[in-house]
Amino acid sequence: MTSIAPFMLTHAITADPAVEFAADVRAGLTRRGQKELPSKYLYDDVGSALFEVISVLPQYGLTRADERLLRRNAHEIVDQVPGPVAVAELGSGSGKKTRWLLKALCRRQHTSYFPIEISPTALAMCQRELGDIEAMSIVGFEREYLDGLLEVAARRRPGYHLLVLFLGSTIGNFDRPAAAEFLRGVRAILQPGDSLLLGTDLEKPVPQLLEAYDDELGVTAAFNLNLLARINRELGADFDLQQFQHLAVFNARARSVEMRLKSKQDQEVHIPGAGLAVRFHVGETIWTESSHKYGREEPLQIAKDAGFFCKAQWIDQEWPFAENLFVAE
Ligand code: AVI
């Protein structure tokens, strides 16, 4: 029997995204010391499409490792999750990597799947990608992660557990204290016995990491520079993209790869939509993203401190990456 519910979006973003974008650009570019732009703004429609290309680049093994683990171990993962469950995915993206898990789960039970995404385009892609799975209903939430999860938890049916998916090492885009705080936030919404499947990219040799974040085709460079192009498009700015260079830098102390945009000359940029004129010195950088890499045991400790125990861990051998299954205590 095919059971595909109509795709219902819950539009509950309270703040005006354009106002928030302008405020964040203003705050990040007027900071004393290191200028920065929040990495979540990399993902407009163009950025999301470029990220899809990054995920198939030979140098960037992360997404393939994540997908491989989920495909090979879908049934084993599902067997470790006590049922019945509803699934909430934080940052579903296109939904492609989640298919195997959902299909395995739907063999066991009718499944409600709640993708939570700030991008309406990603939610629509997710519906297209996964809408054909039998015995599954999809309700998307256009919300920040924890806000969306709160809503999903509020709709919990009696006797049902939640399985939260946070895949693709998106947690790596938080610094370590923020990652720990985020897991505590997730735990606070869950009930004992609920599960969290967390994907974490593991440490690997620095040259390999730098290649992954500075590919020879320049796709990652375009992904990074698109943030300035987005400010031009949405806030009427006059960034000259030729005058900025994409950099990938390894931060040994933070154990992260940082993406930066380096000014090639002294220049002034006007951003009318943020009421701003910003000066850049030659060589000065804007910090746009950090991707933290983990030791194998590290996620287990962070999750333990947040109130989870580790039920199982799967590691990809080709590209060190871990899928961690945690259960709320
Ligand atoms: C989404 N996130 C886990 C990616 C990462 O590896 O940090 C984003 C990315 N940035 C550059 N390449 C890919």
Debye, to nearest 20: dipole size of region 185-329, +1 on Lys, Arg Cβ, -1 on Asp, Glu Cβ: 300
Within the accessible area of region 149-198 (1.4 Å probe), percent carbon and sulfur: 55
Neighbourhood charge, 13 Å Cβ-Cβ cut-off, centred on N324 and excluding it, Lys, Arg +1 and Asp, Glu -1: -3
Amide hydrogen neighbours beyond the local backbone of S112, cut-off 5 Å, H modeled: V87, S137
Solvent-free Debye scattering, log10 I(q)/I(0), computed from the Cα coordinates of region 96-151 at q = 0.16, 0.17, 0.25 Å⁻¹: -0.47, -0.53, -1.01
The chain - share of DSSP beta bridges that are antiparallel (%, nearest 5): 60
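Beyond 24 Å between alpha-carbons counts as too far, so tell me which of K40/K293; K40/K262; K35/K304; K40/K97; K97/K204; K103/K311 fall in that bin.
K35/K304
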Helix 145-154 vs. the chain, principal-axis angle (Cα, 0 to 90°, nearest 10): 20
GNM top mover of Q127, Q59, Q34 - the chain, alpha-carbon springs below 10 Å: Q34
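Please compute the Kirkwood hydrodynamic radius of region 37-141 from all pairs of different C-alpha atoms, in Å with one decimal.
Mean inverse Cα-Cα distance, inverted, gives 14.6 Å.
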Choice from N226, N173, N251 showing the highest fluctuation, given a GNM over the chain with Cα pairs closer than 10 Å: N251
Helix 219-235 axis, angle to the chain major axis (alpha carbon atoms, nearest 10°): 70
Lys/Arg +1, Asp/Glu -1 at C-beta; the chain dipole; positive extreme among G140, Q191, Q267: Q191
Candidates G168, G33, G307: whichever shows maximal mean-square fluctuation once the chain is modelled as a Gaussian network with Cα springs under 10 Å: G33
Computed magnitude of the charge dipole of the chain (debye, nearest 20; Cβ of K, R +1, Cβ of D, E -1): 620
With Cα atoms, 0 to 90° folded angle of helix 120-130 axis to the chain main axis: 40
Longest to shortest principal axis, alpha-carbon extents of the chain, angstrom: 61, 41, 34
Rg/Rg_globular for region 254-308, with Rg_globular taken as 2.2 N^0.38 Å and Rg from C-alpha atoms: 1.83
Expected 222 nm ellipticity per residue - DSSP helices of 4 or more, -39500 (n - 2.57), all of the chain, to 500: -11000 deg cm²/dmol
Accessible area per residue in Å² at 1.4 Å probe, computed on region 186-294: 41
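The values are calculated or read from the model by the stated rules, or taken from the named source; none is laboratory data. Bear in mind the structure is a predicted one, so any value in this text is a computation, not a measurement. Every residue, glycine as well, gets a Cβ built from its backbone with ideal geometry; the counts of neighbours run over all protein chains shown. Keep in mind that these areas ignore ligands, DNA and RNA; they rest on the heavy atoms of the full protein, side chains included. Shrake-Rupley method; radii C 1.70, N 1.55, O 1.52, S 1.80 Å.
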